[in-house]
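Scroll down for the structure; my scribbles are underneath it.
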Amino acid sequence: MTSFLGTVWLVTRKDLLIEVRSREILYTTLFFAVSCVLVFAFGFVREGRAIEHAAAGILWIAIAFSGTLALGRAFERERQNDTLRALMLAPVDRPALYVGKLVGVLVLLGAVEAVVVPIVALMFQARLFAHPFLMAGLLIAGTVGFAAVGTLFAAMLVRARSRDVLLPVLLYPITVPVIIAGVRGTAALLQADVDLPMARAWLSMLVFFDVVFITLSLWTFEPLMTE
Amino acid sequence: MDFTSLTLSDVSRTFGRRRALNRVSLRCRAGEIVALLGPNGAGKSTLLSIASTLLEPSSGAVRYDDHTARTAGAGLRGRIGLLAHDLYVYPELSPAENLLFFGRLYRVPDLARRVDAALERAELSHRRADPVAGFSRGMRQRLAVERALLHEPRLVLLDEPFTGLDDGATAALRERLSGLRAAGAMVLVTTHDLEIIEPVIDRAVVLQSGRLVPVEPGVGTLRERYRRLCAAGT
């Protein structure tokens, strides 16, 4: 049997190779996320001043919405030629397939965030880079938590007829704690009187959610994917 | 992990209220080619999915010698090759990349040489670097056959393998099936191309309304016997 990490690498590499060829998910999610931020910027910025905490909320809304789009498309590819079944038939640890898909989605969302975060900082005059390590920690932990649940649900729904509707319906209620923690943690860093202990507390909360969500996903992936 | 027989005992499968398979029993041995015939919607693909471990039966048992899909797990899956109606290839990747990806997942030894040989057999060597998206159905089918057989499986499950193939590719695949039997593989093949498959199979069974009926050897071609059986069953 191919080792766990070997399988993760193979699946991630395959997904990224396909994305490099098509650039379909990256461009669509990026376009969507940037549009989202721009539209909100017109609504929430008056005379160069943004409504308090708006930047934090809009950043995480852009990440969550574009992440949903990326998750749906990443698994649509596996549905087109039923290749997910080919992966499930391979003599590998099935949770490694889940992790491979998750890492692929995370790389794509990381690329989207690399563009969206500076745009939010610019449009909302938000000091997102004042505490770069803490901000990066919040973004990484929040994205991992959101994508961990999303990857599981997107894989489960790959053969469902109403998957495009069902994915957000299932995903958002479960990931609300992650999004709230991300928003509150980011807001703590952006407020006039920066609250570092609060930001760290929300980051700890996000790490806790990540551990819970990833553990549950690894545990349930194989039974949930068995028909 | 290896095995030399596949035994389905009273296997039933329902999808909601629809019963796709109804107490199907079948035994295949190494070195045997069995044709699984039946009209559209008879449950042939469902039976192949169950034999491949991708689908669990609602009731009944599937055994690979003394193993089950649950006890043998990944080791068992590594000895099964499935060509399904959907071809299980990535259209954005080239044929060589597809074969290398699946070959690595299956830990196929001497992979580069085997991929070259597979592309040669599929007559795709000259298109080895082109994306599969630009291929005809027949070319994709030839690639999918090679993908299913790359790891030299013991149990070969083929769902309509002649779809889209021209005369030359059809003859080559028929020869390949004979080669697989000689190598000790057990082959379960569904097809409506009875004239093509008849010379290479050892026996045939028909799925009718979820039930399995053997096609007895006798007078006439396989298609004539199949039609008589279908007429008697309706």
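The values are calculated or read from the model by the stated rules, or taken from the named source; none is laboratory data. Predicted model only: the values in this text are computed from it and were never measured. Virtual Cβ from ideal backbone geometry, glycine too; neighbours counted across all protein chains shown.
So which residues in the range A:15-25 are touching a residue at least 40 places away in the same chain (Cβ under 8 Å) and either buried (at least 19 other Cβ atoms within 10 Å of the Cβ) or within 8 Å of chain B (Cβ to nearest Cβ) (or both), if there are any at all?
If the condition is that a residue be touching a residue at least 40 places away in the same chain (Cβ under 8 Å) and either buried (at least 19 other Cβ atoms within 10 Å of the Cβ) or within 8 Å of chain B (Cβ to nearest Cβ) (or both), then A:Asp15, A:Ile18, A:Glu19, A:Ile25 are the ones that fit.
Considering the range A:49-89 alone, what residues qualify as being within 14 Å of chain B (Cβ to nearest Cβ) and not aliphatic (A, V, I, L, M)?
Listed by number, the residues that qualify are A:Arg73, A:Phe75, A:Glu76, A:Arg77, A:Glu78, A:Arg79, A:Gln80, A:Asn81, A:Asp82, A:Thr83, A:Arg85.
Report yes if A:Leu5 is in contact (Cβ under 8 Å) with a residue 12 or more places away in the chain, under 17 Å from A:Ala154 (Cα atoms) and within 14 Å of another protein chain (Cβ to nearest Cβ), otherwise no.
Here the answer is no, as A:Leu5 does not meet what is asked.
Does the range B:106-124 hold any residues that are in a helix (DSSP H, G or I) and away from chain A (no Cβ under 13 Å), and which are they?
Correct list: B:Ala112, B:Arg113, B:Arg114, B:Val115, B:Asp116, B:Ala117, B:Ala118, B:Leu119, B:Glu120, B:Arg121.
For the range A:1-14, which positions are more than 16 Å from the chain's Cα centre (by Cα) and assigned to a helix (DSSP H, G or I)?
A:Phe4, A:Leu5, A:Gly6, A:Thr7, A:Val8, A:Trp9, A:Leu10, A:Val11, A:Arg13, A:Lys14
Taking the stated definitions as given, is A:Leu10 more than 26 Å from A:Pro168 (Cα to Cα), crowded, with 20+ Cβ neighbours inside 10 Å and not small (Gly, Ala, Ser)?
Yes, satisfied.
Report, by residue number, each residue of the range B:57-97 that is crowded, with 21+ Cβ neighbours inside 10 Å, of a type in the set (Gly, Ala, Ser) and facing chain A (nearest Cβ under 8 Å).
Answer for the range B:57-97, where residues must be crowded, with 21+ Cβ neighbours inside 10 Å, of a type in the set (Gly, Ala, Ser) and facing chain A (nearest Cβ under 8 Å): B:Gly78, B:Ala84.
Please pick out the residue among B:Ala144, B:Ala122 that is in contact (Cβ under 8 Å) with a residue 12 or more places away in the chain, within 25 Å of A:Leu10 (Cα to Cα), touching a helix residue (DSSP H, G or I) at 6+ places or on another chain (Cβ under 8 Å) and not assigned by TED's automatic domain parsing to the domain that holds B:Leu55.
From the options B:Ala144, B:Ala122, the qualifying one is B:Ala122.
For the range A:90-116, which residues satisfy the criterion of being within 9 Å of chain B (Cβ to nearest Cβ) and surrounded by fewer than 24 Cβ atoms within 10 Å (Cβ to Cβ)?
If the condition is that a residue be within 9 Å of chain B (Cβ to nearest Cβ) and surrounded by fewer than 24 Cβ atoms within 10 Å (Cβ to Cβ), then A:Pro91, A:Asp93, A:Arg94 are the ones that fit.
Given the conditions (1) in a helix (DSSP H, G or I); (2) within 24 Å of A:Arg184 (Cα to Cα); (3) out of contact with any Cys (no Cβ under 9 Å at 6 or more places or on another chain), report the number of the one that A:Arg21 does not fulfil.
With (1) in a helix (DSSP H, G or I); (2) within 24 Å of A:Arg184 (Cα to Cα); (3) out of contact with any Cys (no Cβ under 9 Å at 6 or more places or on another chain) applied to A:Arg21, the lone miss is (2).
Output the residue which, of all residues in the range A:24-43 that are small (Gly, Ala, Ser) and either more than 25 Å from A:Leu170 (Cβ to Cβ) or assigned to a loop (DSSP other than H, G, I, E, B) (or both), is modelled with the highest pLDDT.
A:Ala41
Could you grab me the full set of residues in the range B:29-52 that are part of a strand (DSSP E or B) and surrounded by fewer than 22 Cβ atoms within 10 Å (Cβ to Cβ)?
B:Arg29, B:Glu32, B:Val34 - these are the residues of the range B:29-52 that are part of a strand (DSSP E or B) and surrounded by fewer than 22 Cβ atoms within 10 Å (Cβ to Cβ).
Please state which of the following conditions B:Leu37 fails to meet, knowing it meets all the rest: (1) more than 14 Å from chain A (Cβ to nearest Cβ); (2) without any contact (Cβ under 8 Å) to a residue 24 or more places away in the chain.
Unmet for B:Leu37, out of (1) more than 14 Å from chain A (Cβ to nearest Cβ); (2) without any contact (Cβ under 8 Å) to a residue 24 or more places away in the chain: (2).
Report whether or not A:Leu190 is under 26 Å from A:Ile51 (Cα atoms), crowded, with 19+ Cβ neighbours inside 10 Å and more than 14 Å from chain B (Cβ to nearest Cβ).
The answer is yes for A:Leu190.
Has the range B:45-56 got at least one residue that is away from chain A (no Cβ under 11 Å), out of contact with any helix residue (DSSP H, G or I) (no Cβ under 7 Å at 6 or more places or on another chain) and free of Cβ contacts under 8 Å to residues at least 60 places away in the same chain?
no
Quick check: is even one residue across the range B:128-144 under 30 Å from B:Ser12 (Cα atoms), surrounded by fewer than 16 Cβ atoms within 10 Å (Cβ to Cβ) and within 12 Å of chain A (Cβ to nearest Cβ)?
Scanning the range B:128-144 turns up no residue that is under 30 Å from B:Ser12 (Cα atoms), surrounded by fewer than 16 Cβ atoms within 10 Å (Cβ to Cβ) and within 12 Å of chain A (Cβ to nearest Cβ).
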